[in-house]
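Reviewing the structure listed below.
The values are calculated or read from the model by the stated rules, or taken from the named source; none is laboratory data. Keep in mind that this is a model prediction, so the values were computed, not measured. Heads up, the Cβs are rebuilt from the backbone with ideal geometry, glycines too, and the neighbour counts pull from every protein chain shown. Protein only, heavy atoms only, side chains kept; ligands, DNA and RNA dropped before computing areas. Shrake-Rupley method; radii C 1.70, N 1.55, O 1.52, S 1.80 Å.
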Amino acid sequence: MRRVLLVRHTEVALGWRGRCYGRSDIGLSHAGARAARDLVERWSEPVDAIVHSGSRRAAILAGWLGARLGIDPTVDPDWRERDFGAWEGRSWHAIWRETGAAMDGVLTAPETFRPGGGETTRELVDRAARAWSRLPGGDRIAVVAHGGPIAAIRLLQARAGISCIAAYIPAPGSVTDIRRDASGRQR
């Protein structure tokens, strides 16, 4: 049985609350750092490898987990969060004032809508699928990443429609445990 533990980074720096921060490379809040330390201290699962997106908010948690488990984490940038283009760093309220319901396009037009000129939902899902296919060998892998790519993998595992991706976004600091038997079936 192969297990992949998808870990979403914890709370980001407070100055980014209410702002779009997909590809923006930001750190953790004090509470987020405490939550990351707590998660690492409670971690009881042995893993064969740790992969992270390379973004600071994921690298911090992956580094602490790696230090605890004696594993050097590796970086795969395809686990990064969605590219929101010109929306990056702006408040969601300002984006709404400027674009109105256009932001709904990430769900209603997932194949073509580029939020802020960035990445479509389809491109996000395809990128996460590529990252999933490149996971290192081993029976237990931890991936420290972001809500978007984790939601994409959960969506693909559930064989759900792409417009349902928002329902698969995990909470910050959560761990999604995906188990696959030798035949490749999810358990």
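If you filter the stretch 30-54 down to residues that are open to solvent by 10 Å² or more (accessible area, probe 1.4 Å) and in a loop (DSSP other than H, G, I, E, B), you find that the one that is modelled with the lowest pLDDT is 45.
Looking across the stretch 151-166, the residues that are closer than 29 Å to residue 72 by Cβ, of a type outside the set (Gly, Ala, Ser) and free of Cβ contacts under 8 Å to residues at least 60 places away in the same chain come down to 156, 157.
Let's see how each residue does on (1) within 26 Å of residue 28 (Cα to Cα); (2) over 15 Å from the mean Cα position of the chain (by Cα):
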position	(1), (2)
58	yes, no
74	yes, yes
97	no, yes
112	no, yes
124	yes, no
133	no, yes
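Answer yes if at least one residue in the stretch 7-29 is touching a residue at least 60 places away in the same chain (Cβ under 8 Å), under 30 Å from residue 120 (Cβ atoms) and in contact with a His (Cβ under 6 Å, 6 or more places away or on another chain), and no otherwise. No, the stretch 7-29 has no match at all.
Being at pLDDT below 95 and in a loop (DSSP other than H, G, I, E, B) is the filter; apply it to the stretch 1-19 and report the residue that is least open to solvent (accessible area, probe 1.4 Å). Of everything passing the filter in the stretch 1-19, 13 is least open to solvent (accessible area, probe 1.4 Å).
Can you go through 172, 136 and tell me which one is surrounded by fewer than 14 Cβ atoms within 10 Å (Cβ to Cβ), in contact with a strand residue (DSSP E or B) (Cβ under 9 Å, 6 or more places away or on another chain) and not in a helix (DSSP H, G or I)? Only one candidate qualifies: 136. Looking only at the stretch 129-150, decide whether some residue is free of Cβ contacts under 8 Å to residues at least 12 places away in the same chain and not hydrophobic (A, V, I, L, M, F, W, C). Within the stretch 129-150, one or more residues are free of Cβ contacts under 8 Å to residues at least 12 places away in the same chain and not hydrophobic (A, V, I, L, M, F, W, C).
Report yes if residue 27 is open to solvent by 10 Å² or more (accessible area, probe 1.4 Å) and on the phi > 0 side of the Ramachandran plot, otherwise no. Taking the combined requirement at face value, the residue does not satisfy it.
Specify the residue that is modelled with the lowest pLDDT; the eligible residues are those in the stretch 101-133 that are open to solvent by less than 20 Å² (accessible area, probe 1.4 Å) and part of a helix (DSSP H, G or I). Per the criteria, the residue is 105.
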